[in-house]
Amino acid sequence: MDDEEQPPGAVEPGPLAGFTVGVTAARRADELGALLQRRGAAVLHAPALRIVPLADDGELLAATKEIIDQVPDVVVATTAIGFRGWVEAADGWGLGEQLLGGLRGAELLARGPKVKGAIRAAGLTEEWSPSSESLAEVLDRLLEEGVAGRRVAVQLHGEPLPGFVESLRAGGAEVVPVPVYRWMPPEDITPLDRLLDATVSRSLDALTFTSAPAAASLLSRATTRGLLEELLSALAHDVLPACVGPVTAIPLQAQGVDTIQPERFRLGPLVQLLCQELPNRSRALPIAGHRVEIRGHAVLVDGALKPVPPAGMSLLRALSRRPGWVVARADLLRALPGAGRDEHAVETAMARLRTALGAPKLIQTVVKRGYRLALDPATDAKYADA
C-alpha cells in the first residue's frame, strides 16, 4: 500500500494519535483535555492542586475594608479569576461599589491581557499592562517609578509572592496583600500519585502545566514520595514537559528542567505546539515496504493507527533501537515489564504485536537467534552502525 493511500472510509488519525498526554490543571482541565482528545491524544488527568476561594474569609474581608478606608496609590491585579472573585466577594458583603470606587482612585496595573479583560469587565480601566504577562516586568516598572512612601495593594494568586512583595518593601513601599484564593493540595491525592507514577514509568509522552503552583505541587509530591530524581530524569529525557507560559515554567526551571512553551500563552497554542513537537520526536522507519512510525502507545503503519498492547510496544522499541539487527530473545525478555525468566513470554507478546500491527512481515523470526525488523534493503546501510 502506498504511504499516502488510505482504505476507503478510513479516518486519518489526528496529529496526537498514539500519544498519551498528562494534564495537571485544576481549572479548565476539561477544555484542555477536549482539545487534546480532538487531536487524537489519550489524556490522563489529575489535578495537582485545588483552588480554595476566600469569599467567606475574614482575611480577604479585612483587606477589602482597608482598601476602601484608605485607597492605595497602586493596585496590582495578578489573575483574572482572582480579580473577578474579589469583586464578587465584595458584592456579596455589600461592599462592591465601594471597592470599585476605591480602585478607580488608584493606579491599576494588570499582569496581562486576561487580567486586563477582567478589570474592564468590572467597569474599570487599567493604567498599564505588560504584553508578557510577567510579574517581573510589573515589578521593574514599579521600582523604576519609585515606590518609597507609596501604598501598593497586591492581589495574590494563591502564593504569597515573597520575591515580589519583598522587593516592593525593600524599595520603601507599604504593601497590602489581598489573598483572594489559595492553592491547596487535592483532597484526593490518588489521581496525582497515579499521574506521577505514569510519568516516572514513561507511560506518558508529554505532561502539561497551566500554572506555576501546579508544577510546584507535583514536584512537592514527588519529593514526599522519594521520587523527585526519577521525575526529573523522566522530564529531562523521555516525557516532554509543556508549559502554557514562562511564569508557569519557573518551578520546573528551578530544578533544571527545560520546557517547551507556545509564543502565545493560551491553551490552544499549547496544544498546537504539542501537535508539532510530539510527532517530531517519534521514530519513522521503512520496514517491509511500509512506513512505520512508532509512537507512545500505538504505531502508524502507512498512516493507519494501530493500537499496540504495552508488552508489544516494549518489544517494538527494543527492536527499533537497532533496526535491521537481530535482537536475542533474552534481550527482548529483559525489555518486557515483569516478564520473569520464561522466554515463552516473548513469543506470546510477539504474536500479539504482529496481530496488532496487521502486517506480520514487519518483524522477522531468525531461527535460534531472535527477531529483527525487516528493514528495507535500500536503508540497511544507513542503520548498519546504529
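Between 342, 331, the distinction of being among the acidic types (Asp, Glu) and either closer than 22 Å to residue 198 by Cα or at pLDDT below 90 (or both) belongs to 342 only. Among the conditions (1) at pLDDT below 95; (2) open to solvent by less than 60 Å² (accessible area, probe 1.4 Å), the only one that residue 140 does not satisfy is (2). Of all residues in the stretch 43-73, those satisfying the criterion of being of a type outside the set (Lys, Arg), open to solvent by 40 Å² or more (accessible area, probe 1.4 Å) and within 30 Å of residue 296 (Cα to Cα) are 43, 44, 45, 47.
Of the residues that sit in the stretch 343-376 and are in a helix (DSSP H, G or I) and basic (Lys, Arg), which one is farthest from residue 310 (Cα to Cα)?
That would be 361.
Can you spot a residue in the stretch 276-285 that is touching a helix residue (DSSP H, G or I) at 6+ places or on another chain (Cβ under 8 Å) and either aliphatic (A, V, I, L, M) or buried (at least 21 other Cβ atoms within 10 Å of the Cβ) (or both)? Yes, the stretch 276-285 contains at least one residue that is touching a helix residue (DSSP H, G or I) at 6+ places or on another chain (Cβ under 8 Å) and either aliphatic (A, V, I, L, M) or buried (at least 21 other Cβ atoms within 10 Å of the Cβ) (or both). Does at least one position in the stretch 118-127 carry a residue that is buried (at least 18 other Cβ atoms within 10 Å of the Cβ), touching a residue at least 12 places away in the same chain (Cβ under 8 Å) and touching an Asp or Glu at 6+ places or on another chain (Cβ under 7 Å)? Yes; the residues of the stretch 118-127 include at least one that is buried (at least 18 other Cβ atoms within 10 Å of the Cβ), touching a residue at least 12 places away in the same chain (Cβ under 8 Å) and touching an Asp or Glu at 6+ places or on another chain (Cβ under 7 Å). Looking at the stretch 235-252, can you tell me whether even one residue there is more than 20 Å from residue 29 (Cα to Cα), touching a His at 6+ places or on another chain (Cβ under 8 Å), open to solvent by less than 20 Å² (accessible area, probe 1.4 Å) and not in a loop (DSSP other than H, G, I, E, B)? No, because not a single residue in the stretch 235-252 is more than 20 Å from residue 29 (Cα to Cα), touching a His at 6+ places or on another chain (Cβ under 8 Å), open to solvent by less than 20 Å² (accessible area, probe 1.4 Å) and not in a loop (DSSP other than H, G, I, E, B).
Only one entry in 25, 62, 89 is at pLDDT below 95 and in a loop (DSSP other than H, G, I, E, B), namely 25.
Taking the stretch 322-335 as the range and being under 21 Å from residue 292 (Cα atoms) and touching a residue at least 24 places away in the same chain (Cβ under 8 Å) as the test, the residues that pass are 322, 323, 324, 325, 326, 327, 332. Quick check on the stretch 203-218. Is at least one of its residues surrounded by fewer than 17 Cβ atoms within 10 Å (Cβ to Cβ) and out of contact with any strand residue (DSSP E or B) (no Cβ under 6 Å at 6 or more places or on another chain)? No: the stretch 203-218 contains no residue that is surrounded by fewer than 17 Cβ atoms within 10 Å (Cβ to Cβ) and out of contact with any strand residue (DSSP E or B) (no Cβ under 6 Å at 6 or more places or on another chain).
Taking the condition surrounded by fewer than 21 Cβ atoms within 10 Å (Cβ to Cβ), out of contact with any strand residue (DSSP E or B) (no Cβ under 9 Å at 6 or more places or on another chain) and acidic (Asp, Glu), does residue 258 pass? Talk me through it step by step, then tell me what you get.
Details: surrounded by fewer than 21 Cβ atoms within 10 Å (Cβ to Cβ): yes; out of contact with any strand residue (DSSP E or B) (no Cβ under 9 Å at 6 or more places or on another chain): no; acidic (Asp, Glu): yes.
For residue 258, the condition - surrounded by fewer than 21 Cβ atoms within 10 Å (Cβ to Cβ), out of contact with any strand residue (DSSP E or B) (no Cβ under 9 Å at 6 or more places or on another chain) and acidic (Asp, Glu) - is not met.
In this structure, is residue 76 open to solvent by 50 Å² or more (accessible area, probe 1.4 Å), hydrophobic (A, V, I, L, M, F, W, C) and over 23 Å from residue 24 (Cβ atoms)? Taking the combined requirement at face value, the residue does not satisfy it.
In the set (1) modelled with pLDDT of 90 or more; (2) open to solvent by 20 Å² or more (accessible area, probe 1.4 Å); (3) closer than 30 Å to residue 230 by Cβ, residue 354 fails one condition alone, (3).
The values are calculated or read from the model by the stated rules, or taken from the named source; none is laboratory data. Keep in mind the model is a prediction, meaning the values are calculated, not measured. Counting neighbours? That spans all protein chains shown, and the Cβs are built from the backbone with ideal geometry, glycine included. Surface areas here come from the heavy atoms of the whole protein model, side chains and all, with no ligands, DNA or RNA. Shrake-Rupley method; radii C 1.70, N 1.55, O 1.52, S 1.80 Å.
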